[in-house]
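The values are calculated or read from the model by the stated rules, or taken from the named source; none is laboratory data. Since the model is a prediction, treat every value here as computed from it, not as a measurement. A quick note on method: Cβ atoms are made from the backbone with ideal geometry, for glycine too, and the neighbour counts reach across all protein chains shown. SASA here: full protein model, heavy atoms, side chains in, ligands and nucleic acids out. Shrake-Rupley method; radii C 1.70, N 1.55, O 1.52, S 1.80 Å.
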2 protein chains.
Amino acid sequence: MNGDNDKENYQITFMPSGRQVEVESGISVIKAARLAGVHINASCGGSGVCGKCRVILESGTLTGGKSEKLTDGEYEEGYRQACIATIESNATLRITAESELGTGAMSAEVPIRHQARMHVFNIEDLKEAGVFMPPTEKRVLHLSEPTHEDNMADAGRIIQGLKNEYNERGFKTHLPVLKRMRSALRQKDFVVTVTLSRPVSKNGKTHIVNIQPGDVSHRSYGLAFDIGTTTVYGSLVDRQTGKLLARKADYNGQISYGEDVISRIVYAEKPKGLQLMHELVINTINSLIDKLLKGNDIERDEITSITLSGNTAMTHLLLGLEPHNIRRTPYVPVSTFFPPIRARDIDLDLPLRAVALVYPSISSYVGGDIIAGVMGSGMYTTEAVTLYIDIGTNAEIVIGNREWLVCAACSAGPAFEGGGITHGMRAAAGAIEDFSLNPATYEPMNITLNNKPPIGICGSGLLVIVATLFEYGIIDRQGKFNRDLDTPRIREGRSGYEYVLTWEKEAGGDSDIVINEVDIENFIRAKAAIYAGCKTLVEGVGLQITDLEQIILAGAFGSYIDLDSAMTVGLLPEVDPARVLYVGNGSLLGSWMSEMSNHIRRDVVEVVKNMTSFELSEVTDFKDQYIASLFLPHTDVSLFPETYARLKKSK
Amino acid sequence: MNGDNDKENYQITFMPSGRQVEVESGISVIKAARLAGVHINASCGGSGVCGKCRVILESGTLTGGKSEKLTDGEYEEGYRQACIATIESNATLRITAESELGTGAMSAEVPIRHQARMHVFNIEDLKEAGVFMPPTEKRVLHLSEPTHEDNMADAGRIIQGLKNEYNERGFKTHLPVLKRMRSALRQKDFVVTVTLSRPVSKNGKTHIVNIQPGDVSHRSYGLAFDIGTTTVYGSLVDRQTGKLLARKADYNGQISYGEDVISRIVYAEKPKGLQLMHELVINTINSLIDKLLKGNDIERDEITSITLSGNTAMTHLLLGLEPHNIRRTPYVPVSTFFPPIRARDIDLDLPLRAVALVYPSISSYVGGDIIAGVMGSGMYTTEAVTLYIDIGTNAEIVIGNREWLVCAACSAGPAFEGGGITHGMRAAAGAIEDFSLNPATYEPMNITLNNKPPIGICGSGLLVIVATLFEYGIIDRQGKFNRDLDTPRIREGRSGYEYVLTWEKEAGGDSDIVINEVDIENFIRAKAAIYAGCKTLVEGVGLQITDLEQIILAGAFGSYIDLDSAMTVGLLPEVDPARVLYVGNGSLLGSWMSEMSNHIRRDVVEVVKNMTSFELSEVTDFKDQYIASLFLPHTDVSLFPETYARLKKSK
């Protein structure tokens, strides 16, 4: 999503294995080692406190790399702490004995760690494809002053100017625009910039949505928001370049009234509860709008539209619609389509002229966030049979292509968001997000977010940890620990056997950080639900997993997912990793696209109308698939031939 | 405008002349006498205090007719005070000596006093003409409850119901409707009434503007308002029958900031002045809405639209548009067309769903009130060459028919509203509104509004007084008094000669009520401006006064105008009185019609676009016409052949 990436790449060589990896400047040595498949013991998650991750800088330059754990003499000799040293040039680094992996892994071959390709779009592509329909355009008018012979009304003068100067005709206008018309015309000698909002349909009329004194035609902005149950993301879009000028996020203000959708609905059913839920999320959005505008020197008055997407319940609360029946059988939302709304009507702090567009949803369980992803990723225009997966507490799955689309939702449980995992947590500072293991010593390399001492495990870390434990035979196909391993890191705890990722003294909290058999069981249930959902849906439409030509991953978890780990544990179907694309926050992407081009708004109605909803819970096949998936990677290993082959080899 | 007139008519015979007249029950004897052309001395305006208007009841029944001025004995003998006695049956009345007209007028011939015919419309006519397009319709839906097999969203269920039960499809809906949808459906077991707002144009979509639990399809209401500079009139319209359920009026709250349009604009130019002017008129409207609803047991929530019309300045203040350039050359309004507006946006106390429609105007000086009259009276659909005149401080004139329309405005000055007249006043209680004169004794018969002692002269009274004085030769063609008449009622005052209408002792105020030569001069200027405006406009479009096939009078003054007097003084062109129609408050009529049928909204854009504006002030011909009109009836008496013949005969 970041088009402004101008960081340099450097070549890093790790000795004694000689493994080489190209990495961006500024990343830590420990992350570079992880990319190279080189293990460095690093218990403390990159905060520098354990001092175990020392490497010797043989050539090149590193920034940092010294804490109290290293003497000045050691530093002079070239010792660096890998977790707090960052890459600034090509460099050769030697892994010291204490952090070195056992001999078995000393090959110079860099293992491929598959990350999904990032989906990138730009306006030029849309223009080339002939689908670029800018939702607003600015027109500068140089009008003549009224005289006795030519004393038509101000509005008439502007409409005549649009006709004469731009051959534009047939408009609707609005009271807030009329209110500022007289002054705007006379402020810069009858030179004004008129903002035209283009219709989506052929029969529609262009609306005059703003008038500004002088020529400000180069300034054109929109807002795009993803209203997540946990986090609200907002972006400021430059409509002329298509770029995201800024992106801000904050917790959804409703979060103090319950972490999940159901508890929010329950609260909304109380007297004044709906109003409060509405106000809380609106406050969050308004404060993000403040930040987006202030940080970019853009006036609130310059915003003419905002697109928002969220799941069905969040959309209801956003709009102040009664969500009661979303959680009650037979799960009926008030509406799945939402008309364009005046932003002020939902209390957004935007000009009276500003329009809020809200993504339609399919049902109580497949919401506007998913539709936004399907639209924004271009899935609905592709020929390839595509599986779109957005993984959160609920996993929403869409299969299809430009001819047909079928969607389903399954409850994965909160494991990927840290729920039900002893030391689970959201992806925040101190969360173990990546991991490797010395199979000889069982010592871990924990990589945490923001290089903070570990305080827990987030979804992406959990996936890699389980996959690694499984791959090295530390846990079996049912997720149970091999009890014969001689290491203090594997021990019996309150919830079965567990592996100690970080000792208390190196952790950010006041206990050892572990992963135990109950955690692994919960993880397996979650991954089984998703895999079973995908397989049931794929087979439900008459296809096989092998027919999938593309997988699109969405959601914060999807963005950081390690594909090899995901296929090793059987979370994702085993497909060629080159066919996996990730769109990051698909919901935000869809909103952004809607702010960029009207083709989204034109097409979304048809897409939603034609999308079929598949009720997994009503299919007995789903339950069977789920049970069959409660193994690593699956009961039927023939579904994971590559993983099976690798496992066999490593044994 | 009053379709509910069920009063009975009675035959009244006045002796000794034997003149007979048919009148409605409940009117005063003095008014009946006026209609019969019978003069009864009545100085005190019908309040009973002068006691001069005594008549003898020879047969039949009267109600009232006795004050302290009449002894019980006299009452027994049949004496009644004509001004405070009302007609209750057929009756014969004898004019007593003291109130009797001189012998010259003792013929039994009842003079025709021409009042314009009232314009009446009803829905059935519109239906017959094929132009009836109800703007809203209600549809009752009997829906089934959602099940697992049929769990579409509430909105989808309603749309499907409209399709299945009424074959209706293609809707737009609104957030306030969605907000109440869930509860409305479940309140009366999925029986709901949906209000559909019909599009004006063929390509337009029907909007779902309300949903109510149960079957309330028989209740459908709208509001129609005329926003006058002085008075705001509001009506409650039953859309099913087309009837006005109620009509209320109040002074425009802005009036304390200036009586005329210009002073309101001046105030609006001050800091926060526009906001204040806006709030004042809105407060007036809101309080009228309260009264209209409360008096008729209708919920605010049942109102889905309001139509408003007013002159260009009033419309600007209503909408909060800057009126600055309306009063500055070259007189440019902000806009002449106004989009449909959400009623709440102009702070009207109506549901969020309610739409406010505001009549477009032509220019700074021909406003939406005139367009409303042209639309409401059906002038724009007639074949007859029609002159439409709305007389107030400014007279607006429209000429044309269904093929073409040309409009003009001329400043008549405030004489018809009581301004610039020594004892001038608005048409309020105590205003002399009608008048006759005993040419032998010069004693007056004053008829006042509400039978109060006279406190002044309103526009319609002024017209009859000047015409009567002129007809009897008491004033000459220049409006100067014949100074040889022997009566204390004609005397020299501070402003030239004057006629005493009421002596102080019989008046409601503390002075004699007079009309003097300066008053008459001002009256003549006002009538000259209107006549010159009409003639210039008629000739400007290449026609002659004699080509006029119809005259439509509008405005409070126009409604009560005595046609004979108007033609005698040369205010109106001399045409067959049968060709004169009055529409009362044309502005209110237009708003009412717009609430009734979309054909008005459909046609008004074309009407306004095709209406040509004629600038009288820029035509030298207008000045010449004006100077030529500064005589009674006109310099060129051949323009008033009937008046001329009558005057010659009476001399």
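The residues of the range B:331-352 listed by number as losing at least 50 Å² of accessible area in the complex, against the isolated chain and with a 1.4 Å probe, are B:VAL332, B:VAL334, B:PRO339, B:ARG342, B:ASP345. With the label put 7 angstrom out from Cα along the Cα-to-Cβ vector, B:GLN115 ends up 9.0 nm from the copy partners, going from closest to farthest. Computed across chain B, the Kirkwood radius stands at 26.9 Å (inverse of mean 1/r, all Cα pairs). How large, in percent, is the carbon and sulfur part of the accessible surface of the range A:510-651 at a probe radius of 1.4 Å? Roughly 52 percent of what the probe reaches on the range A:510-651 is carbon or sulfur. Cα gyration tensor of the range A:167-323, axes a ≥ b ≥ c as square roots of the eigenvalues: rounded (a/c below 1.5), prolate (a/b > b/c) or oblate? In terms of gyration-tensor shape, prolate.
All other residues whose Cβ lies under 14 angstrom from that of B:LEU581 are scored, Lys and Arg at +1 and Asp and Glu at -1, for a net of -1. Restricting to Cα pairs below 8 Å that are 6+ residues apart, what does the relative contact order work out to for the range A:238-330? Please round to a whole percent. Relative contact order of the range A:238-330: 34 percent.
Taking all protein chains together and rolling a 1.4 Å probe, B:VAL261 ends up with roughly 40 Å² accessible. For A:LYS205, the aspartates and glutamates whose Cα comes closer than 17 Å to its Cα, not counting residues fewer than 8 places off in the same chain, are A:GLU137, A:GLU168. Distance between the pseudo-spin-label points of A:SER617 and A:ARG494 (7 Å out from Cα toward the beta carbon): 3.2 nm. Peptide B:356-369 has a mean shielding of 1, counted as Cβ atoms of other protein chains within 10 Å of each residue's Cβ. With a ≥ b ≥ c the root eigenvalues of the C-alpha gyration tensor of the range A:259-385, is it rounded (a/c under 1.5), prolate (a/b larger than b/c) or oblate? Oblate. In whole Å, how far is the Cα centre of the range B:517-533 from that of the range A:152-207? Using only Cα atoms to place each centre, the spacing works out to 43 Å.
In this assembly of identical copies, the label point of B:ASN283 (Cα plus 7 Å along Cα-to-Cβ) is separated from its counterparts by 3.4 nm, sorted shortest first. On the beta carbon distance between A:THR96 and A:LYS609, with R0 = 51 Å, the FRET formula returns roughly 0.20. DSSP finds beta bridges in chain B, and of those with both partners inside it, around 70 percent are antiparallel.
May I ask you to derive the relative contact order of the range B:312-466, considering only C-alpha pairs under 8 Å and at least 6 residues apart, and to give it as an integer percent?
Once divided by the residue count of the range B:312-466, the mean separation gives 13 percent.
Taking a ≥ b ≥ c as the square roots of the eigenvalues of the alpha carbon gyration tensor, the protein assembly as shown is prolate, as a/c is not under 1.5 and a/b beats b/c. Within 10 Å of the Cβ of each residue in B:176-186, the mean number of Cβ atoms contributed by other protein chains is 4.
In nanometers and ordered shortest first, the copy-to-copy spacing of the B:ALA578 label point, defined 7 Å from Cα toward Cβ, is 9.7. Note that the range A:552-638 presents 34 Å² accessible area per residue, ligands and nucleic acids not counted, probe 1.4 Å.
Taking all protein chains into account, the per residue accessible area for the range B:210-351 stands at 36 Å² (1.4 Å probe). Taking 0.36 nm per residue of sequence separation and removing the Cα-Cα distance, the B:ALA428/B:VAL191 pair yields an extension gain of 80.2 nm. Between the alpha-carbon centers of the range B:585-644 and the range B:440-494, tell me the distance in whole angstrom. Between the Cα centre of the range B:585-644 and that of the range B:440-494, the gap is 29 Å.
Per atom type, the range A:333-459 shows carbon and sulfur on 50% of its accessible surface, probed at 1.4 Å. The accessible-area loss of the range A:119-161 on complex formation, taken against its chain alone with a 1.4 Å probe, reaches 40 Å² or more at A:HIS148, A:ASN151, A:ALA153. Placing a label point 7 Å from the Cα of B:LYS172 along the Cα-to-Cβ direction, the residues of the range A:130-145 whose backbone N falls under 19 Å of that point are A:135-137. Go through B:LYS127/B:LYS248; A:LYS609/B:LYS202; B:LYS294/B:LYS527 and tell me which ones have a Cα-Cα distance over 31 Å in this structure. Beyond 31 Å: B:LYS294/B:LYS527.
What is the interface area between chains B and A, defined as buried accessible area summed over both chains with a 1.4 Å probe, reported in Å² to the nearest 100? Don't skip to the answer; put the middle values down first.
Values: alone 27380 and 27350 Å², together 51350 Å².
The buried area between B and A, both sides summed, comes to about 3400 Å².
For a paramagnetic label modelled at 7 Å from the Cα of B:GLU24 toward its Cβ, which residues of the range B:448-480 fall within the zone defined by backbone nitrogen distances under 16 Å? Hits in the range B:448-480 for B:GLU24 at 16 Å: B:449-451.
Pairs of Cα atoms nearer than 8 Å and 6+ residues apart set the relative contact order; for chain A it is 14 percent. Within the range A:319-416, DSSP assigns beta bridges of which about 100% are antiparallel (rounded to the nearest 5).
Long hydrophobic helices in chain A: the complete DSSP H runs spanning 24 Å or more by Cα along their own axis with mean Kyte-Doolittle hydropathy of at least 0.5 are A:273-294. Among B:343-353, A:540-550, sorting by the average number of other beta carbon atoms lying within 10 angstrom of each residue, highest first, gives B:343-353, A:540-550.
Each of the peptides B:635-642, A:227-234 was scored by the mean count of other Cβ atoms within 10 Å over its residues; in descending order, highest first, they stand as A:227-234, B:635-642. By the compact-protein rule of thumb, 2.2 N^0.38 Å, the alpha-carbon radius of gyration of the range A:119-173 corresponds to a ratio of 1.69.
Of all beta-carbon atoms in chain A, the one sitting closest to the axis that brings chain A onto chain B gives A:ASN203, 2, with the distance in whole angstrom.
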